[in-house]
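Remarks on the structure that follows.
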Amino acid sequence: MKQENVTPSFLNYTLTTPESDWIDATLSRMTLEEKVGQMIVPFAFGDFLNRNSAAYKRLYRLITHYKVGGIALFKGTILNYASLINEMQKLADIPLLISADFERGMGMRLTDSVSFPYNMGIAATGDPEYAYKMGLAVSQEMKALGVHQNYAPVADINININNPVVNVRAYSEDKEVVARFCSAFIRACNEEKILSTAKHFPGHGNTDIDSHTELSPVYSGEEEYYERDFYPFRKAVEAGVSSIMTAHLDIPTITGKSGYPATVSEFVVKELIRNRLNFDGLITTDAMTMFGISSSYSVGEGTVRTVLAGTDQILLPPDEEVAINALLRSIRAGVIPLESIDKSVRRILKAKIWTGAVANNKVDISTLTAKINRPETIALAREISSKALKVIMDDDLILPLDFSKKVSCITIADSQAADLEVSFQNELNNRVSLFRKFILDTKSSGDDYLKAMTIAENSDMLIIPLFIRIRAFQGTILYIPEQIEFVNRLTEKGIKFVLICFGNPYAITRFKDLKCCINTFGDATIVQEAAARFIARTPV
């Protein structure tokens, strides 16, 4: 792995005289409204937008009237992203800083791009170079698409196995592993001048509550926190991370207050991030639409408190106009010092220079077919998916399976099964001859469970792909009692099976006396293909 950055990190980058002059001149001519607008990052879907559509008119007004500083993009397609980015950049007086959460690769947001395993799968390879290679591949494709800021890597340590929001997104339960893999990813981003984002500060790993649905309590004690949770963020800063995302967490042992989101804590932002981490990069909030903060404060109050705490970027305010007007009133009343606003805007403008947004913000659509979904990126995702796959146990020496016998596949899913949940079944059936195939999902009836048990009793061996996953706003990890009972009854009846976890690796703790289990650390199609190759013992 490359141990030194080819280019200076955002923090270490020294502006040229013309660049510094541009920031000074831009800041001096900006109105207060324009300065505040730079700190606001609204959402947009990467869809094709007709200019008369409500979605287009919303973005048009945010960019031309409120002068927002950037756009955070969500689900879309490659060409629609490119078209929308070009259209929005043409509307902006100051180039927009385009951001997205490509934590698992661009396929996490783009339906026609490549997904990698979750971070825990990257770390399961045992080699941080895979985090570096993945970070480099994703950053190169982001650059081609005109996206400047990646809301990754996850610097949380998954301390609580019942964590419904971090879980497999964390690299590990070990702080050293998290730090090494985060640092490798960050170095790759810096090489391509993509803004990396260490999240979710001050550490979202030791909770069993989803901050999307309510304010999440973190159970770490003060000494424990500084020794463990804080550590990967310190290493991320040493590696040259560009930005840090604060989280809507309740950590009274750190903030000194209970029921108080870390997002609005001056101690968390100014003391821990700015002073103790000696970090002068961008500080962004997690989404302000999350109930972890919106349940405690109105849009205006939450925004003002967040900026008072020292944050630079307000991500996804539920109502951008309300957020902006609240900030303007507070600045004019002397509640928020104008000096702090100027410092934030300077950081944002510097980020736009460092990423190349100022020099060239147009996406060259003609080059995308050569730069995105490259064969080497797909090959890397396949390689990582194969190396991440781990046989957790095989007590009865079930593996490798003998497909000359009656081997059936019964998929268990925590949602209504769609194309994704049947990918493994179909991929495996293309490689070997399955005796029977069946699916148990959230729509399955008692009769369906009886049919599945009949298939199991008439088979020599079962393969059970298990899709129990974490999801934003779900609140908890969804364990369906009937599904758990079905698997436990197989064990009681002495029916041999291999359980393959596609998603939450801790799901195996819910079953009794498992004999054979495989963790894949993901549910992406490319991960399921790797599992099918492994089970069928066939090459790529």
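Please specify each residue of the stretch 182-208 satisfying the condition of being closer than 23 Å to residue 471 by Cα, crowded, with 22+ Cβ neighbours inside 10 Å and not polar (S, T, N, Q).
Listed by number, the residues that qualify are 182, 198, 199, 200, 201, 202, 203, 204, 205.
Could you tell me how many of the residues in the stretch 103-135 are crowded, with 23+ Cβ neighbours inside 10 Å, of a type in the set (A, V, I, L, M, F, W, C) and within 26 Å of residue 356 (Cα to Cα)?
Result for the stretch 103-135: 5.
Looking at the stretch 138-152, is at least one residue closer than 23 Å to residue 520 by Cα, part of a loop (DSSP other than H, G, I, E, B) and touching a Cys at 6+ places or on another chain (Cβ under 9 Å)?
For the stretch 138-152, residues closer than 23 Å to residue 520 by Cα, part of a loop (DSSP other than H, G, I, E, B) and touching a Cys at 6+ places or on another chain (Cβ under 9 Å): present.
Scan 49, 27, 59, 15 and give me the residue that is in contact with an Asp or Glu (Cβ under 7 Å, 6 or more places away or on another chain) and either aliphatic (A, V, I, L, M) or surrounded by 14 or more Cβ atoms within 10 Å (Cβ to Cβ) (or both). Full working, then the answer.
Details: 49 fails: in contact with an Asp or Glu (Cβ under 7 Å, 6 or more places away or on another chain); 59 fails: in contact with an Asp or Glu (Cβ under 7 Å, 6 or more places away or on another chain); 15 fails: in contact with an Asp or Glu (Cβ under 7 Å, 6 or more places away or on another chain).
Only one candidate qualifies: 27.
Condition check: in contact with a strand residue (DSSP E or B) (Cβ under 9 Å, 6 or more places away or on another chain), more than 23 Å from residue 45 (Cα to Cα) and among the hydrophobic types (A, V, I, L, M, F, W, C). Does residue 249 satisfy that?
Working: in contact with a strand residue (DSSP E or B) (Cβ under 9 Å, 6 or more places away or on another chain): yes; more than 23 Å from residue 45 (Cα to Cα): yes; among the hydrophobic types (A, V, I, L, M, F, W, C): yes.
Criteria met by residue 249.
Go through the stretch 243-315 and tell me which helices (runs of 4 or more DSSP H), entirely inside it, have 1 or more residues that are β-branched (Val, Ile, Thr), out of contact with any Asp or Glu (no Cβ under 7 Å at 6 or more places or on another chain) and surrounded by fewer than 24 Cβ atoms within 10 Å (Cβ to Cβ). Working first, answer last.
Numbers: elements: 252-255, 291-294, 299-309.
It comes to 252-255, 299-309.
What's the total number of residues in the stretch 62-91 that are surrounded by 18 or more Cβ atoms within 10 Å (Cβ to Cβ) and without any contact (Cβ under 8 Å) to a residue 60 or more places away in the chain?
7
From the list 361, 373, pick out the single residue that is surrounded by 13 or more Cβ atoms within 10 Å (Cβ to Cβ) and modelled with pLDDT under 95.
The unique qualifying residue is 361.
From (1) more than 25 Å from the chain's Cα centre (by Cα); (2) assigned to a loop (DSSP other than H, G, I, E, B), pick out the condition that doesn't hold for residue 36.
(2)
The values are calculated or read from the model by the stated rules, or taken from the named source; none is laboratory data. In this text, all values refer to a predicted model and were calculated from it rather than measured experimentally. Here Cβ is always computed from backbone atoms with ideal geometry, including for glycine, and neighbour counts include all displayed protein chains.
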